[in-house]
Amino acid sequence: NQQIIEILRSDNWKSVPDDDTQALRSVFDNEFPKSNVKKLLIHEQKGLCAYCMRRIHMDSYSRIEHIIPLSKNKDTALNYGNLLGVCDGGEHLVGEQNHILCCDAEKGEKEISISPLNEFQMDKIAYKKDGTIYTNPEDEAMEKDMNEILHLNGIRNRDGSVLDTSTEILKGRRDTYFRAQKMMEMLAKQGKCTSAEVKKIIDNLKNKEEFEEYQGVKLYYFRKKYDSLVKRGL
């Protein structure tokens, strides 16, 4: 983007001290082409929040997230490769009884090791039928980020009960898992429970111009079914 290049070459940007978060934020908020960049990010992410997979639009309920926080590194503050399109984590849902934020709204300026752009990490993501997101094989660092910083599994109380986020992402993943199960049951009733048919479902999901909400849940479920069917020679 030419506008970003011009900002990086400007004397104003060069004069901003590396540790002056307020000045860095001012340039990002007032000079950076946020609207154009957010539109491009949402398009590339097929309309989903990079963290929780909820639908995001070009409105005030979506935002641009820095993977490496803006306050931590001037070199990546305006780097497109360090940016994600995310939801507001439930900040607009004021007055909720259990107002549990997630995604960037909860992360703030904390540093995390997990990145939606890291394919090796994303291949470890798995889901339970109750909507829980976890890693398989287990990755303690990733799970700490998901649970303690991004709140992607809501909050677990000492008694073992779980409070969903204000945006109900656990419920969203649970409902999506249930719909995937229903699709498999329908295939079985039709006598089409084969790896070839499941592969068609996977390809259809991946090739949509705009992904379904919680797309990763369905892809995980159907990939597991596909692998099982292939092993059984079906």
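The values are calculated or read from the model by the stated rules, or taken from the named source; none is laboratory data. All figures in this text were calculated on a predicted structure; none of them were measured in a lab. Don't worry about glycine lacking a Cβ; one is built from the backbone with ideal geometry, like all the others, and counts go over all protein chains shown. These accessible areas exclude ligands, DNA and RNA; they are computed on the full protein's heavy atoms, side chains included. Shrake-Rupley method; radii C 1.70, N 1.55, O 1.52, S 1.80 Å.
Quick one: Karplus J couplings for the stretch 218-234, per residue in order, coefficients 6.51, -1.76, 1.60, θ = phi - 60°, nearest Hz, x for Gly and Pro?
5, 4, 4, 4, 6, 5, 5, 5, 4, 4, 5, 5, 4, 4, 8, x, 9
So how far, in whole Å, is the C-alpha centre of the stretch 170-200 from the one of the stretch 138-158?
28
Read through the labelled values (1) 18.5; (2) 19.5; (3) 22.7 and report the label of the one computed as Kirkwood radius over Cα pairs in Å from the structure.
Checking each listed value against the structure points to (2).
Count the net charge of all other residues whose Cβ sits under 15 Å from the Cβ of ILE68, scoring Lys and Arg as +1 and Asp and Glu as -1. Could the numbers behind the result be given before it?
Numbers: positive: ARG25, LYS72, LYS74, LYS107, LYS110; negative: ASP18, ASP19, GLU65, ASP75, ASP104, GLU109, GLU111, ASP145.
Neighbour charge sum, excluding ILE68 itself: -3.
Connecting C-alpha atoms closer than 10 Å in a GNM of the chain, tell me which of THR21, THR176, THR135 has the biggest fluctuation.
THR21
Just how much of MET122 is accessible, in Å², when a 1.4 Å probe is used and the result is rounded to the nearest 10?
60
For the residue pair SER15 and LEU234, what label-to-label distance in nm results when each label sits 7 Å from Cα along the Cα-to-beta-carbon direction?
7.0
Strictly over 31 Å apart at the Cα level, which of LYS34/LYS72; LYS14/LYS38; LYS38/LYS225; LYS189/LYS231 would you flag in this model?
Correct reply: LYS38/LYS225.
Once phi is turned into ³J(HN,Hα) by the Karplus curve 6.51 cos²θ - 1.76 cosθ + 1.60 with θ = phi - 60°, what whole-Hz value does each residue of the stretch 24-39 show in order, with x for glycine and proline?
Working through the residues one at a time gives 4, 5, 5, 5, 5, 6, 10, 10, 5, x, 4, 4, 5, 5, 4, 4 Hz.
Can you find, among SER113, SER228, CYS52, the residue farthest towards the positive end of the dipole of the chain? Put +1 on the C-beta of Lys and Arg, -1 on that of Asp and Glu.
Going by the charge dipole, the pick is SER228.
Quickly work out the LYS199-to-LEU40 label distance, labels modelled 7 Å from Cα along the C-beta direction, and quote it in nm with one decimal.
Modelled inter-label distance: 3.6 nm.
Set the Förster radius R0 to 41 Å, insert the Cβ-Cβ distance between GLU31 and ASP159 as r into 1/(1 + (r/R0)^6), and round the FRET efficiency to 0.05. Don't jump to the answer; show the numbers that get you there.
On the way: r = 49 Å, r/R0 = 1.20.
Once the sixth-power term is evaluated, E becomes 0.25.
With N denoting the number of residues in the stretch 36-110, provide Rg(C-alpha) divided by 2.2 N^0.38 Å, to two decimal places.
1.10
Return the single residue from LEU101, LEU78, LEU93 with maximal mean-square fluctuation; model: Gaussian network over the chain, springs between Cα atoms under 10 Å.
Comparing LEU101, LEU78, LEU93 in the GNM, the peak value goes to LEU93.
Run the reach check for LYS208 against lysines, Cα to Cα strictly under 16 Å, same-chain hits fewer than 8 apart removed. What comes back?
LYS46, LYS199, LYS200, LYS218
Counting other Cβ atoms within 10 Å, keep those with at most 14, restrict to DSSP loop, and tell me which GluC sites (Glu not before Pro) in the stretch 156-229 are left. Numbers along the way, then the final one.
On the way: sites: GLU168, GLU185, GLU197, GLU209, GLU210, GLU212, GLU213; in loops: GLU168, GLU209, GLU210, GLU212, GLU213.
For GluC sites (Glu not before Pro) across the stretch 156-229 that sit outside H, G, I, E and B with at most 14 neighbouring Cβ atoms in 10 Å, the list reads GLU209, GLU210.
Please list, in order along the stretch 114-127, the HN-Hα scalar couplings obtained from phi with the Karplus expression 6.51 cos²θ - 1.76 cosθ + 1.60 (θ = phi - 60°), rounded to whole Hz, x for Gly and Pro.
Rounded to whole hertz, the list is 7, 9, x, 8, 8, 5, 4, 5, 5, 5, 8, 5, 9, 9.
Under 5 Å between amide hydrogens, which residues at least 5 positions from LEU48 or on another chain qualify, with H placed 1.01 Å from N in the peptide plane?
Those qualifying (amide H under 5 Å, at least 5 residues apart or on another chain) are ILE56.
Hey, can you find the accessible area per residue of the stretch 132-234 for me, probe 1.4 Å, expressed in square angstrom?
Result: 59 Å² of accessible area for each residue.
Report, by chain and number, residues whose modeled amide H sits under 5 Å from the one on SER115, excluding near sequence neighbours (fewer than 5 apart, same chain).
Those lying under 5 Å, H to H, from SER115: there are none.
Return the single residue from TYR80, TYR51, TYR134 with maximal mean-square fluctuation; model: Gaussian network over the chain, springs between Cα atoms under 10 Å.
TYR80
Per DSSP helix of 4 or more residues, -39500 (n - 2.57); summed, then divided by the residues of the chain. What does that give at 222 nm, rounded to the nearest 500?
-12500 deg cm²/dmol
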